[in-house]
Amino acid sequence: MKQSNKRIHIFLTGFMGAGKSRIGKALAEQYGYPFYDSDDVIEETAGKAIKNIFKEDGESQFRITESSVIKKLSLLKEPAVISLGGGAVQNEKNFITIKKYGVSVYIASSPDAILNRVKHTSERPLLNVRKGKNYEARLLARITELLNKRIPTYEKSDIIINRDGLELAEIVEQMYIKIQQFRKEL
Ligand code: S3P
(Lines give C-alpha, C1' and ligand atoms only; values in the text may rest on other atoms or scores of the structure.)
Protein backbone atom coordinates (compact mmCIF):
# COMPACT_ATOMS: atom_id res chain seq x y z
CA MET A 1 0.00 0.00 0.00
CA LYS A 2 1.31 3.46 -0.88
CA GLN A 3 1.82 5.72 2.14
CA SER A 4 -0.75 8.20 0.81
CA ASN A 5 -3.51 5.57 1.12
CA LYS A 6 -2.92 5.46 4.86
CA ARG A 7 -3.63 9.15 5.35
CA ILE A 8 -7.25 8.58 6.19
CA HIS A 9 -7.77 10.78 9.25
CA ILE A 10 -8.19 14.51 9.74
CA PHE A 11 -6.10 15.87 12.61
CA LEU A 12 -6.79 19.31 14.04
CA THR A 13 -3.83 21.23 15.42
CA GLY A 14 -3.63 24.64 17.05
CA PHE A 15 -3.37 26.51 20.30
CA MET A 16 -5.52 26.02 23.39
CA GLY A 17 -8.84 27.77 22.94
CA ALA A 18 -8.64 27.83 19.14
CA GLY A 19 -11.88 25.86 19.04
CA LYS A 20 -10.46 22.56 17.81
CA SER A 21 -13.03 20.39 19.60
CA ARG A 22 -16.10 22.39 18.66
CA ILE A 23 -14.97 22.73 15.04
CA GLY A 24 -13.84 19.10 14.96
CA LYS A 25 -17.25 17.84 16.04
CA ALA A 26 -18.97 19.86 13.32
CA LEU A 27 -16.46 18.71 10.70
CA ALA A 28 -16.87 15.08 11.75
CA GLU A 29 -20.60 15.43 11.31
CA GLN A 30 -20.12 16.86 7.84
CA TYR A 31 -17.93 13.89 6.84
CA GLY A 32 -19.96 11.30 8.75
CA TYR A 33 -16.76 10.33 10.61
CA PRO A 34 -16.48 9.66 14.33
CA PHE A 35 -14.88 12.43 16.39
CA TYR A 36 -12.11 11.96 18.96
CA ASP A 37 -10.46 14.48 21.22
CA SER A 38 -6.98 13.31 22.26
CA ASP A 39 -7.34 15.09 25.62
CA ASP A 40 -10.53 13.13 26.40
CA VAL A 41 -8.80 9.85 25.56
CA ILE A 42 -5.82 10.83 27.76
CA GLU A 43 -8.20 11.53 30.66
CA GLU A 44 -9.93 8.17 30.16
CA THR A 45 -6.57 6.39 29.97
CA ALA A 46 -5.20 8.08 33.09
CA GLY A 47 -8.51 8.00 34.94
CA LYS A 48 -8.17 11.67 35.92
CA ALA A 49 -8.49 15.19 34.60
CA ILE A 50 -5.60 16.71 32.66
CA LYS A 51 -4.96 19.33 35.32
CA ASN A 52 -4.57 16.53 37.87
CA ILE A 53 -2.20 14.60 35.60
CA PHE A 54 -0.03 17.74 35.41
CA LYS A 55 -0.27 18.30 39.16
CA GLU A 56 0.28 14.73 40.33
CA ASP A 57 2.42 13.15 37.60
CA GLY A 58 4.01 16.14 35.89
CA GLU A 59 3.94 17.44 32.33
CA SER A 60 6.49 14.89 31.09
CA GLN A 61 4.22 11.99 32.09
CA PHE A 62 1.31 13.77 30.40
CA ARG A 63 3.38 14.05 27.20
CA ILE A 64 4.23 10.32 27.30
CA THR A 65 0.54 9.40 27.58
CA GLU A 66 -0.31 11.97 24.90
CA SER A 67 2.12 10.38 22.42
CA SER A 68 0.78 6.89 23.01
CA VAL A 69 -2.83 8.11 22.64
CA ILE A 70 -1.95 9.85 19.37
CA LYS A 71 -0.36 6.64 18.10
CA LYS A 72 -3.43 4.62 19.12
CA LEU A 73 -5.88 7.04 17.47
CA SER A 74 -3.74 7.20 14.32
CA LEU A 75 -3.98 3.45 13.95
CA LEU A 76 -7.78 3.43 13.90
CA LYS A 77 -8.85 1.58 10.80
CA GLU A 78 -11.83 3.80 9.92
CA PRO A 79 -11.36 7.49 9.04
CA ALA A 80 -11.90 9.88 11.95
CA VAL A 81 -11.63 13.55 12.85
CA ILE A 82 -9.14 13.82 15.70
CA SER A 83 -8.65 16.99 17.70
CA LEU A 84 -5.18 17.25 19.30
CA GLY A 85 -4.14 19.08 22.44
CA GLY A 86 -2.36 22.36 21.80
CA GLY A 87 1.09 20.98 22.62
CA ALA A 88 0.80 17.70 20.74
CA VAL A 89 2.57 18.58 17.50
CA GLN A 90 5.36 20.38 19.34
CA ASN A 91 6.78 16.89 19.73
CA GLU A 92 8.21 16.08 16.31
CA LYS A 93 7.52 12.37 16.70
CA ASN A 94 3.80 13.07 17.07
CA PHE A 95 3.87 15.30 14.01
CA ILE A 96 5.54 12.57 11.95
CA THR A 97 2.84 10.10 13.11
CA ILE A 98 -0.09 12.31 12.19
CA LYS A 99 1.45 13.21 8.82
CA LYS A 100 1.69 9.52 8.08
CA TYR A 101 -1.89 8.69 9.01
CA GLY A 102 -3.82 11.78 8.05
CA VAL A 103 -4.22 15.33 6.87
CA SER A 104 -3.29 17.96 9.46
CA VAL A 105 -5.26 21.19 9.71
CA TYR A 106 -4.00 24.12 11.79
CA ILE A 107 -6.82 26.20 13.24
CA ALA A 108 -5.22 29.61 13.66
CA SER A 109 -6.58 32.33 15.93
CA SER A 110 -5.19 35.57 17.35
CA PRO A 111 -4.05 35.94 20.98
CA ASP A 112 -6.99 38.29 21.71
CA ALA A 113 -9.56 35.88 20.34
CA ILE A 114 -7.94 33.03 22.26
CA LEU A 115 -7.96 35.11 25.43
CA ASN A 116 -11.71 35.62 25.11
CA ARG A 117 -12.29 31.91 24.79
CA VAL A 118 -10.05 30.76 27.66
CA LYS A 119 -10.27 33.48 30.28
CA HIS A 120 -13.18 31.96 32.19
CA THR A 121 -11.80 28.42 32.43
CA SER A 122 -9.16 26.96 34.73
CA GLU A 123 -8.76 23.54 33.14
CA ARG A 124 -5.52 24.32 31.33
CA PRO A 125 -2.41 24.04 33.50
CA LEU A 126 -0.21 25.88 31.00
CA LEU A 127 -2.49 28.92 31.13
CA ASN A 128 -2.86 28.87 34.87
CA VAL A 129 -2.23 32.55 35.47
CA ARG A 130 -2.94 33.90 38.96
CA LYS A 131 -6.27 35.76 39.16
CA GLY A 132 -6.38 39.31 40.51
CA LYS A 133 -5.03 42.63 39.31
CA ASN A 134 -4.34 42.78 35.54
CA TYR A 135 -5.39 39.15 35.15
CA GLU A 136 -6.43 39.51 31.53
CA ALA A 137 -3.29 41.42 30.54
CA ARG A 138 -1.07 38.83 32.21
CA LEU A 139 -2.99 35.96 30.64
CA LEU A 140 -2.76 37.64 27.24
CA ALA A 141 1.01 38.00 27.66
CA ARG A 142 1.30 34.30 28.52
CA ILE A 143 -0.84 33.28 25.51
CA THR A 144 1.14 35.54 23.16
CA GLU A 145 4.50 34.26 24.37
CA LEU A 146 3.61 30.58 24.10
CA LEU A 147 1.69 30.98 20.85
CA ASN A 148 4.58 32.81 19.16
CA LYS A 149 6.95 30.01 20.15
CA ARG A 150 4.60 27.40 18.74
CA ILE A 151 3.37 29.03 15.52
CA PRO A 152 6.32 27.91 13.35
CA THR A 153 5.46 24.29 14.19
CA TYR A 154 1.70 24.66 13.80
CA GLU A 155 2.32 26.17 10.38
CA LYS A 156 3.91 22.93 9.21
CA SER A 157 0.38 21.48 9.14
CA ASP A 158 -0.88 20.54 5.67
CA ILE A 159 -3.69 23.10 5.75
CA ILE A 160 -4.08 26.39 7.63
CA ILE A 161 -7.46 27.92 8.44
CA ASN A 162 -7.70 31.32 10.11
CA ARG A 163 -10.95 31.05 12.01
CA ASP A 164 -11.20 34.59 13.37
CA GLY A 165 -14.27 36.48 12.21
CA LEU A 166 -15.89 33.37 10.76
CA GLU A 167 -19.01 31.55 11.89
CA LEU A 168 -18.74 27.85 12.69
CA ALA A 169 -20.50 26.86 9.44
CA GLU A 170 -18.09 29.01 7.40
CA ILE A 171 -15.04 27.52 9.11
CA VAL A 172 -16.28 24.00 8.43
CA GLU A 173 -17.08 24.83 4.81
CA GLN A 174 -13.60 26.31 4.22
CA MET A 175 -11.98 23.33 5.87
CA TYR A 176 -14.01 20.88 3.84
CA ILE A 177 -13.06 22.54 0.56
CA LYS A 178 -9.36 22.72 1.46
CA ILE A 179 -9.25 19.13 2.69
CA GLN A 180 -10.93 17.83 -0.47
CA GLN A 181 -8.42 19.79 -2.56
CA PHE A 182 -5.50 18.49 -0.52
CA ARG A 183 -6.69 14.89 -0.75
CA LYS A 184 -6.99 15.16 -4.53
CA GLU A 185 -3.33 16.12 -4.69
CA LEU A 186 -2.12 13.32 -2.42
C1 S3P B 1 -1.95 21.78 26.12
C2 S3P B 1 -3.22 21.90 25.59
C3 S3P B 1 -4.40 21.25 26.17
C4 S3P B 1 -4.00 19.98 26.93
C5 S3P B 1 -2.93 20.30 27.93
C6 S3P B 1 -1.68 20.90 27.30
C7 S3P B 1 -0.83 22.51 25.50
O8 S3P B 1 -5.33 20.93 25.15
O9 S3P B 1 -3.55 19.02 26.02
O10 S3P B 1 -3.47 21.18 28.88
O11 S3P B 1 0.34 22.18 25.74
O12 S3P B 1 -1.11 23.44 24.70
P13 S3P B 1 -6.28 22.00 24.37
O14 S3P B 1 -5.47 22.59 23.26
O15 S3P B 1 -7.38 21.15 23.85
O16 S3P B 1 -6.73 22.99 25.38
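The values are calculated or read from the model by the stated rules, or taken from the named source; none is laboratory data. What you see is a predicted model, and the numbers here were worked out from it, not measured in a lab. Cβ atoms come from the backbone with ideal geometry, glycine included; neighbour counts cover every protein chain shown. We work out accessible area using only protein heavy atoms, side chains counted, and drop any ligands, DNA or RNA first. Shrake-Rupley method; radii C 1.70, N 1.55, O 1.52, S 1.80 Å.
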task = Pairs of Cα atoms under 8 Å, at least six residues apart: use those to get the relative contact order of the chain, whole percent.
result = 31 percent
query = Roughly how many Å² of TYR36 are accessible to a 1.4 Å probe, to the nearest 10?
reply = 70 Å²
query = Roughly how tilted is helix 20-31, in degrees to the nearest 10 and between 0 and 90, from the longest Cα axis of the chain?
reply = 20 degrees
message = Using a Gaussian network model on the chain with a 10 Å cutoff between Cα atoms, which of LEU126, LEU115, LEU27 fluctuates the most?
response = LEU126
ask   = When the solvent-accessible surface of protein heavy atoms is calculated with a 1.4 angstrom probe, in what order do LYS71, LYS100, LYS55 fall, highest first?
value = LYS55, LYS71, LYS100
key: Cβ-placed point charges (K, R +1; D, E -1), dipole of the range 42-132 about Cα centre in debye, nearest 20   = 100 debye
ask   = When the accessible area of the range 42-186 is split by element with a 1.4 Å probe, what percent falls to carbon and sulfur?
value = 51 percent
key: At R0 = 30 Å, FRET efficiency that the Cβ-Cβ distance of GLN181 and ASN148 yields, to 0.05   = 0.55
request  = Give, rounded to the nearest 20 debye, the magnitude of the charge dipole that the range 12-91 has about its Cα centre when Lys and Arg contribute +1 at Cβ and Asp and Glu contribute -1 at Cβ.
outcome  = 120 debye
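Rounded to the nearest 20 debye, what is the charge dipole size of the chain about its Cα centre when +1 sits on each Lys and Arg Cβ and -1 on each Asp and Glu Cβ?
Computed about the Cα centre, the dipole is about 400 debye.
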Over the range 1-82, relative contact order from alpha-carbon pairs under 8 Å, at least 6 apart, % = 47 percent
request  = Step through the table entries LYS72/LYS178; LYS131/LYS178; LYS55/LYS77, compare each Cα-Cα distance with 32 Å, and write down the pairs that go over it.
outcome  = LYS131/LYS178; LYS55/LYS77
note = Note to self: with every protein chain in place and a 1.4 Å probe, the range 1-94 gives an accessible area per residue in Å² of 49 Å²
query = Please report, for the Cα atoms of the range 92-186, the Rg to one decimal and the Dmax as a whole number; what are they, in angstrom?
reply = 15.9, 52
query = List the aspartates and glutamates whose alpha-carbon lies under 18 Å from that of LYS6, not counting same-chain residues fewer than 8 positions away?
reply = GLU78, ASP158, GLU185
inquiry  = Taking only the Cα atoms of the chain, how large is their convex hull per residue, in Å³?
reply    = 113 Å³
message = On a full-extension model of 0.36 nm per residue, what is the gain between ASP57 and GLN90, subtracting their alpha-carbon distance, rounded to one decimal in nm?
response = 9.9 nm
task = Name the residues whose placed amide hydrogens come within less than 5 Å of the amide hydrogen of PHE11, ignoring near sequence neighbours (fewer than 5 apart) on the same chain.
result = ILE82, VAL103, SER104, VAL105
task = With springs only between Cα atoms under 10 Å apart, run a GNM on the chain and tell me which of LYS20, LYS93, LYS77 wobbles the most.
result = LYS77
Nearest-ten-degree value, helix 59-74 long axis tilted from longest Cα axis of the chain = 20 degrees
query = Under 14 Å Cα-Cα from LYS71, which aspartates and glutamates qualify once same-chain neighbours fewer than 8 residues away are excluded?
reply = ASP37, ASP39, GLU92
